[in-house]
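Undergrad: Shown below is the structure under consideration.
The values are calculated or read from the model by the stated rules, or taken from the named source; none is laboratory data. Here the structure is a predicted model, which means the values were calculated and not measured. FYI the Cβ positions are ideal-geometry reconstructions off the backbone, even for glycines, and counts take in every protein chain you see. The protein model used for the area step is the full one, side chains on, heavy atoms only, and it has no ligands, DNA or RNA in it. Shrake-Rupley method; radii C 1.70, N 1.55, O 1.52, S 1.80 Å.
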Amino acid sequence: MPELKNDRLLRALLRKPVDVTPVWIMRQAGRYLPEYRATRERAGNFLALCTTPELACEVTLQPVRRFDLDAAIVFSDILTIPAAMGLGLYFAEGEGPRFERPLHGEADIAALRVPDPENELRYVMDTIRLARRELAGRIPLIGFAGSPWTLATYMVEGGSTRDFARVKALMYREPAVLQKLLMTLGEAITDYLNAQISAGAQALMIFDTWGGVLTPRDYVRFSVDPMARIVAGLQREAEGRRVPVILFSRNAGASLEALAGSGCDAIGVDWTVDLAEARRRVGEHVALQGNMDPTVLYAPAQRVREEVAAVLVSYGRGSGHVFNLGHGIAPDVDPDHVAVVVDAVHEESRKYHR
Ligand code: CP3
């Protein structure tokens, strides 16, 4: 494997000194890029794109060719695991993800099998191996998975939901059955992420998109604790380097300490959290990733630059910050505004690292 030329991301995640703040963007490969839409068209649909390593590798690299990003993230989805468990994932146009066979109760949950990552999920490992080869050590490659709780919401609800009625009903009526599901998912995710490290992922992120819909007490029990068990099961060293782990819970600003105490290296925060306050609360223990409001990208370029500067000011001096949005980029954003963000982060942050 060639030497890593730009290791800012890995250094910042471990709170080691950097020259400028590293930046990457959640959903940086996606529909806002015309070249993504063209490749998706070639694939036929989103799932075919994910499961064809040559094309998934191509879209992984597209944003990296356009922008001076400090990391690539493997193109895939958090729902690959439930798909590999046989739930029948499909995307209904305009509706988001759906499952043909959602989990109805104890018997369905007891019947779940942990997939073999190099078998049912081999396409993800192949995409990682291809992308590493193509990146040739330019920037690190991030691997990822969904959190047990977030995957459980989709698997029990059968798709996206507004009120989380089914999965919360399960939580309050049969907590042991939900725990069994979270344990099985935890095992599957641990195997999957370790396989991603072996395939070449140099940092890992766990997306807990729906952690923030729980009460602070339930959040610890059903979202943080299962993630902490995964973190404890990860092989944290590869190619002579530490593989940093980022945990991102959306809307969980009230519980940053719980998340930061999970054993991870960094936590992702959304824009409802003030970075200065987050740093005061947990900055001694973990690096912070985030947290510009994604809708800032609709503003004129000068306004975008001001918001980048404001996020950098709020973190302040020194390492331990990875610039990102507080959630994924929207499909109707002008790609030129992403260039404005990336360049502004590098230009404006230099003074915080002297
Ligand atoms: O960040 C990246 O560039 C890597 C790729 C990535 C995708 N999904 C590609 C994708 C990542 C990291 C994800 C994670 C993911 N997937 C999450 C967690 C992060 C978050 O957004 O909160 C969740 C909840 C999912 C599940 C999922 N996949 C949903 C809800 C949707 C529909 C969203 C929509 O806007 O239609 C997807 C599909 C999806 N995953 C797309 C992309 C680029 C859009 C598919 C398309 O139509 O081309």
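Undergrad: Determine which member of the set LEU141, LEU151 is within 14 Å of the ligand (Cβ to nearest atom) and either modelled with pLDDT under 95 or in contact with a strand residue (DSSP E or B) (Cβ under 6 Å, 6 or more places away or on another chain) (or both).
TA: LEU141
Undergrad: Mind counting the residues in the stretch 253-276 that are farther than 20 Å from LEU193 by Cβ and in a loop (DSSP other than H, G, I, E, B)?
TA: Final tally of qualifying residues: 6.
Undergrad: Only residues in the stretch 216-234 that are at negative phi count as the first member; pair them with residues that are charged (D, E, K, R) and surrounded by 24 or more Cβ atoms within 10 Å (Cβ to Cβ), Cβ under 8 angstrom, at least 6 apart or cross-chain, and list the lot.
TA: That search, which allows pairs on different chains as well, returns SER223/ASP208; MET227/ASP208.
Undergrad: Please list, ordered by first then second residue, the pairs with beta carbon atoms under 8 Å, 6 or more apart or interchain, first in the stretch 9-29 and on the phi > 0 side of the Ramachandran plot, second away from the ligand (no atom under 14 Å from the Cβ) and open to solvent by 10 Å² or more (accessible area, probe 1.4 Å).
TA: As it stands, the answer is ARG15/SER319, since those pairs meet every condition given.
Undergrad: Something else about it: Please enumerate the residues belonging to the stretch 1-53 that are within 14 Å of the ligand (Cβ to nearest atom) and of a type in the set (Asp, Glu).
TA: GLU35, GLU41
Undergrad: Something else about it: Quick one: how many residues across the stretch 13-29 are open to solvent by less than 10 Å² (accessible area, probe 1.4 Å) and farther than 16 Å from LEU141 by Cβ?
TA: Summing the residues that are open to solvent by less than 10 Å² (accessible area, probe 1.4 Å) and farther than 16 Å from LEU141 by Cβ in the stretch 13-29 gives 2.
Undergrad: Also: Picking from VAL308, VAL296, which residue would you name as being on the phi < 0 side of the Ramachandran plot and in contact (Cβ under 8 Å) with a residue 40 or more places away in the chain?
TA: VAL308
Undergrad: Given the criteria within 21 Å of the chain's Cα centre (by Cα) and in a strand (DSSP E or B), does PHE75 qualify?
TA: Considered against the rule, which asks whether it is within 21 Å of the chain's Cα centre (by Cα) and in a strand (DSSP E or B), PHE75 comes out as no.
Undergrad: What helices (runs of 4 or more DSSP H) completely inside the stretch 163-252 contain at least 1 residues that are polar (S, T, N, Q) and within 11 Å of TRP149 (Cα to Cα)?
TA: Where helices (runs of 4 or more DSSP H) fall fully within the stretch 163-252 and carry at least 1 residues being polar (S, T, N, Q) and within 11 Å of TRP149 (Cα to Cα), they are 175-199.
Undergrad: While we're looking at this one, here's another question. Output the number of the condition that MET125 fails; it satisfies all remaining conditions of (1) more than 15 Å from the ligand (Cβ to nearest atom); (2) open to solvent by 50 Å² or more (accessible area, probe 1.4 Å); (3) under 26 Å from PRO63 (Cβ atoms).
TA: Of everything listed in (1) more than 15 Å from the ligand (Cβ to nearest atom); (2) open to solvent by 50 Å² or more (accessible area, probe 1.4 Å); (3) under 26 Å from PRO63 (Cβ atoms), MET125 misses just condition (2).
To keep it simple, each residue is scored yes or no on (1) within 16 Å of the ligand (Cβ to nearest atom); (2) aromatic (Phe, Trp, Tyr); (3) surrounded by 23 or more Cβ atoms within 10 Å (Cβ to Cβ).
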{"residue": "TYR192", "(1), (2), (3)": "yes, yes, yes"}
{"residue": "ILE197", "(1), (2), (3)": "no, no, no"}
{"residue": "TRP210", "(1), (2), (3)": "yes, yes, yes"}
{"residue": "VAL213", "(1), (2), (3)": "yes, no, no"}
{"residue": "VAL220", "(1), (2), (3)": "no, no, no"}
{"residue": "SER223", "(1), (2), (3)": "yes, no, yes"}
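Undergrad: Just to be sure I understand, how many residues within the stretch 320-338 are more than 21 Å from the chain's Cα centre (by Cα) and either closer than 16 Å to THR21 by Cα or assigned to a helix (DSSP H, G or I) (or both)?
TA: 2
Undergrad: Within the stretch 277-290, track down each residue that is open to solvent by less than 30 Å² (accessible area, probe 1.4 Å) and not in a loop (DSSP other than H, G, I, E, B).
TA: ALA278, VAL282, ALA287, LEU288, GLN289, GLY290 - these are the residues of the stretch 277-290 that are open to solvent by less than 30 Å² (accessible area, probe 1.4 Å) and not in a loop (DSSP other than H, G, I, E, B).
Undergrad: Six or more apart or on different chains, Cβ under 9 Å: which pairs go from a residue in the stretch 58-81 that's free of Cβ contacts under 8 Å to residues at least 12 places away in the same chain to one that's open to solvent by 10 Å² or more (accessible area, probe 1.4 Å) and not aromatic (Phe, Trp, Tyr)? Could you list them?
TA: Note: pairs meeting the criteria are ARG65/GLU35.
Undergrad: Turning to a different aspect of this structure: When you scan the stretch 80-103, do you find a residue that is surrounded by 15 or more Cβ atoms within 10 Å (Cβ to Cβ), within 21 Å of the chain's Cα centre (by Cα), part of a loop (DSSP other than H, G, I, E, B) and of a type in the set (S, T, N, Q), even just one?
TA: no
Undergrad: Only residues that are over 14 Å from ILE142 (Cα atoms) and open to solvent by less than 10 Å² (accessible area, probe 1.4 Å): list them for the stretch 229-251, please.
TA: Across the stretch 229-251, the qualifying residues are ILE230, VAL231, SER249.
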